[in-house]
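Structure first, then comments.
The values are calculated or read from the model by the stated rules, or taken from the named source; none is laboratory data. No experiment lies behind these values; they were computed from the predicted model shown. A quick note on method: Cβ atoms are made from the backbone with ideal geometry, for glycine too, and the neighbour counts reach across all protein chains shown. Side chains are part of the model used for accessible areas, which takes the heavy atoms of the whole protein and leaves out ligands, DNA and RNA. Shrake-Rupley method; radii C 1.70, N 1.55, O 1.52, S 1.80 Å.
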Amino acid sequence: MKKDKLRLCLQLLISFMKIGVVTFGGGYAMIPIIENETSKKRKWISTEDLLDVVAISESTPGPIAICAAAFIGYRVVGVIGAFCATLGVVLPSFVIIYIISIFLKEFNSLDIVRYAFTGIRAGVLALIIKAVISMFKKAPKHILAYIIMALSFALVVVFSANVLVIILSSAVIGIVASYIARKRGKTL
């Protein structure tokens, strides 16, 4: 392996370990941190590409952070980059959970731990809201997008519809609408 590839693999591993160690609350809470580290700081992918990564990660099995790490790592160095980035994002959580599991009974009964998790949940909510706002700003703005968004939200929240069905249906609607628009010489 060339020195450049080795250096990039190490950067991917360390960057995604930093993301994995400081992020609580799952993939949506990680999006702003992934964006900062991979788009703004390292310039590995564009912010628009990250929006596509999130969309693809939503439609593939597995957590968003792992799918995003694999995609970004692959984009930067190939298969070995995908491995390093994925290992980096998973390793901190694995180590932390392993350590917590050893001391779970004592750890869970501490007031300071309960208070800390109360604060962490509030912080995670803020990160998720930031991710929603950031994705909304970058998403296409046309009537069909607003209709799909509102209908998807209503179906999930009110009727507890299967999220996978919503994602696949939204994709099909987007493909069909784009095809019809192109036939008419327009774009969505």
Residue 79 - would you say it is within 26 Å of residue 35 (Cβ to Cβ) and either at pLDDT below 85 or open to solvent by 40 Å² or more (accessible area, probe 1.4 Å) (or both)? yes
Of all residues being more than 20 Å from the chain's Cα centre (by Cα) and in contact (Cβ under 8 Å) with a residue 24 or more places away in the chain in the range 134-144, which is surrounded by the fewest Cβ atoms within 10 Å (Cβ to Cβ)? Just the residue, please. 142
Inspect the range 45-57 for any residue being closer than 26 Å to residue 136 by Cα and in a loop (DSSP other than H, G, I, E, B) and give the result as yes or no. yes
(1) within 13 Å of the chain's Cα centre (by Cα); (2) open to solvent by 30 Å² or more (accessible area, probe 1.4 Å); (3) closer than 20 Å to residue 134 by Cβ; (4) of a type in the set (Val, Ile, Thr) all hold for residue 60 apart from (3)
Name the one entry in 16, 94, 24 that is modelled with pLDDT of 85 or more and open to solvent by 70 Å² or more (accessible area, probe 1.4 Å). 94
List the pairs whose first member sits in the range 36-49 and is without any contact (Cβ under 8 Å) to a residue 24 or more places away in the chain, whose second member is part of a loop (DSSP other than H, G, I, E, B), and whose Cβ atoms are under 9 Å apart, counting only residues at least 6 apart or on separate chains? 37/44; 39/45; 39/46
If you take the residues in the range 97-133 that are without any contact (Cβ under 8 Å) to a residue 24 or more places away in the chain and of a type in the set (Lys, Arg), which one is least open to solvent (accessible area, probe 1.4 Å)? 114
Identify the single condition in (1) open to solvent by 100 Å² or more (accessible area, probe 1.4 Å); (2) of a type in the set (A, V, I, L, M, F, W, C); (3) more than 20 Å from the chain's Cα centre (by Cα) that residue 154 does not satisfy, given that it satisfies every other one. (1)
Residue check for residue 98: more than 25 Å from the chain's Cα centre (by Cα) and in a helix (DSSP H, G or I): no
Let me spell it out: the conditions are (1) surrounded by fewer than 21 Cβ atoms within 10 Å (Cβ to Cβ); (2) of a type in the set (Val, Ile, Thr); (3) within 23 Å of residue 120 (Cβ to Cβ), and residue 31 meets all of them except one. Which number is the exception? (1)
